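First up is the structure itself, then whatever we jot down about it.
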Amino acid sequence: MKKGWYDTVKTSNHLHTEATEVLKETSRTFFIPISLLPEGLKEGVGSAYLCMRAIDEIEDDPEMESSLKIQLLSSISTILKEDDPREQLNELLKPHQNRLPEVTSRISDWVTYCPEGIRKEVLKSTSIMAEGMAKWVEKEWKITNEEELDDYTYTVAGLVGVMLTDIWNWYDGTTADKNLGIAFGRGLQAVNILRNYKEDETRGVSFFPEGWNLDEMFAYAQRNLELADLYIKDIDNTTILHFCKIPLTLAHGTLQALMEGKEKMSRNDVEDAVNKVVGK
């Protein structure tokens with residue numbers, strides 16, 4: 001490892017505090033389970049989430065032109081393959097600081113925040129995701145069939161399952177099926193698609209395959225959430241299990257609410273679901 005990885009202006013404690021603040025601002029679903037993780041695992045998962053959220057903000061930016069999205073995402077993908085990508089990331093993003101959210105403009109800090117032992121795997125998954133996102137921007141997110149929906153949900157969420165599985169193994173040797181981990185990510189993403197499809201339509205985007213209606217997307221989400229249930233079945237580390245069960249339980253609850261014609265789970269339902277998982 002090159003000398004100077006942690007020779008930053010901010011102390012590690014300061015960076016930890018700021019990373020936690022940005023996590024809280026950007027993730028309603030994952031902030032709670034990440035905050036409950038022990039030291040080491042918290043930094044691994046937190047940095048991974050922030051790196052992936054950083055590129056997600058580029059893909060989702062409603063004001064940024066597609067050509068710039070493709071250029072930034074493709075460049076980030078390439079840079080993340082370097083041994084120390086931080087300086088190049090800063091150089092790439094500096095001209096666009098005024099239009100990028102903090103979570104994106106500070107991606108080099110999230111690379112620093114990532115524990116050395118899992119950094120290579122986190123950056124690899126993020127690199128693959130950025131490359132895939134660039135491809136989908138170029139395709140204007142036009143999904144014609146279930147195979148393409150699987151490709152899209154793998155790119156933006158299934159890779160999260162792959163990365164988390166790597167992190168569990170790095171932390172304490174916990175093993176889990178990566179293919180089921182992909183379904184874990186896909187299931188959460190499918191629920192997000194269903195929760196936001198009306199808003200997506202207002203900007204001319206649909207993640208439904210051609211000819212699909214709500215019932216078919218509900219079934220797709222349900223199939224993947226059932227596989228996600230299998231993913232967590234054999235995880236025996238209670239902390240990791242709780243981390244996975246919280247967003248999965250919320251996804252099941254949100255899907256049920258949507259199928260009943262509601263917009264989302266109520267705040268009380270969310271709190272009850274989380275408390276049930278952690279045994280409160």
Considering only protein heavy atoms, what is the solvent-accessible area of Phe30 at a probe of 1.4 Å, reported in Å² to the nearest 10? 40 Å²
What nm distance separates the two modelled labels at Glu102 and His16, each placed 7 Å from Cα along Cα→Cβ? 1.9 nm
Before I look further, what does the stretch 150-269 give for accessible area per residue, probe 1.4 Å, in whole square angstrom? 48 Å²
Ordering Thr20, Thr126 by how much accessible area each has at a 1.4 Å probe, largest first, what is the list? Thr20, Thr126
Within the chain, longest stretch free of exposed GluC sites (Glu not before Pro) [DSSP loop, at most 12 other beta carbons within 10 Å]: 66-139
When the accessible area of the chain is split by element with a 1.4 Å probe, what percent falls to carbon and sulfur? 46 percent
Neighbours of Gly44 by Cβ distance under 13 Å: Lys/Arg at +1, Asp/Glu at -1, summed charge -3
How large is the accessible surface per residue of the stretch 1-140, computed with a 1.4 Å probe and reported in Å² as a whole number? 50 Å²
Net length gained if the chain between Glu65 and Glu39 were fully extended (0.36 nm per residue, minus Cα distance): 5.4 nm
Alpha carbon Rg of the stretch 39-186, scaled by the compact-globule rule 2.2 N^0.38 Å: 1.02
What does the helix-only formula give at 222 nm for the chain: each DSSP H stretch with n ≥ 4 adding -39500 (n - 2.57), the total divided by the residues, and the result rounded to the nearest 500 deg cm²/dmol? -22500 deg cm²/dmol
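The values are calculated or read from the model by the stated rules, or taken from the named source; none is laboratory data. On a predicted model such as this, the values are computed, not experimentally measured, just so you know. Methodologically, a virtual Cβ is constructed for each residue, glycine included, from the backbone with ideal geometry; neighbour enumeration extends over all protein chains shown. The protein model used for the area step is the full one, side chains on, heavy atoms only, and it has no ligands, DNA or RNA in it. Shrake-Rupley method; radii C 1.70, N 1.55, O 1.52, S 1.80 Å.
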